[in-house]
Amino acid sequence: METPEGHSEAQKQPIVPQKTNGMCIAAFVLALGAILTAPFVIPGFLASILALVLGILGIKKAKREGHSGETLGMWGIVLSCLSLLVSLTLAGIATWFFLELKKSDEFKQEIQEQIEHQKGIDPEGAKKAEKIFHFLGLD
């Protein structure tokens with residue numbers, strides 16, 4: 001059926017954009033944050049895990065409800081896996097470095113000298129440093 005302006009009825013109906021799944025958006029944004037915080041290991045690790053879970057749940061929900069956003073959810077999963085890899089690699093390197101440093105007698109001697117020097121300046125601070133030194137197994 002034609003209208004007086006020359007347009008059909010189908011052309012006059014408003015176009016309703018498809019709803020984007022919020023979990024997929026959150027997964028993508030959180031994964032970007034995880035990439036940026038990956039060098040800080042713990043925040044990067046936690047953000048990566050959360051982004052991964054949100055991405056998986058968001059994709060499932062988007063498919064079930066017919067929403068868009070699956071691509072954002074997929075990118076959230078990919079970026080969160082990359083961030084997890086970076087965070088775990090950095091944690092492994094830091095652990096290895098600390099264990100190697102712990103073996104070093106020069107390192108232990110330097111720490112002992114710093115504690116002795118600190119005793120003359122701040123005896124309370126020196127006691128705290130000795131406790132940390134002992135806790136880390138460096139004595």
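The values are calculated or read from the model by the stated rules, or taken from the named source; none is laboratory data. These numbers come from a predicted model, not from an experiment. Reconstructed Cβ throughout: ideal geometry from the backbone, glycine too, with neighbour counts over all protein chains shown. Note: accessible area is taken over every heavy atom of the protein model, side chains too, but ligands, DNA and RNA are not part of it. Shrake-Rupley method; radii C 1.70, N 1.55, O 1.52, S 1.80 Å.
In Å², what does the accessible area per residue of the chain work out to with a 1.4 Å probe?
Values: 9820 Å² over 139 residues.
Spelled out: the 1.4 Å probe surface of the chain, per residue, equals 71 Å².
Sequence-distant or interchain residues sharing an amide H contact under 5 Å with THR20, placed H: which? When sequence neighbours closer than 5 places are left aside, the close amide H contacts are SER68.
Taking Cα atoms only, the orientation of helix 42-65 departs from the longest principal axis of the chain by about 20 degrees.
Over all other residues within a Cβ to Cβ distance under 11 Å of GLY58, the charged ones net out to +2, with Lys and Arg as +1 and Asp and Glu as -1. With the charge dipole of the chain set up from +1 on Lys and Arg Cβ and -1 on Asp and Glu Cβ about the Cα centre, the Cα lying farthest toward the positive end among the listed residues GLN114, PHE98, ILE56 is that of ILE56.
Would you kindly calculate the translational diffusion coefficient of the chain, applying Stokes-Einstein with the Kirkwood radius from alpha carbon pairs, for 20 °C and a viscosity of 1.002 mPa s, and quote it in µm² s⁻¹ without decimals? Mind dumping the intermediate values first?
On the way: Rh = 19.4 Å.
D = 111 µm²/s.
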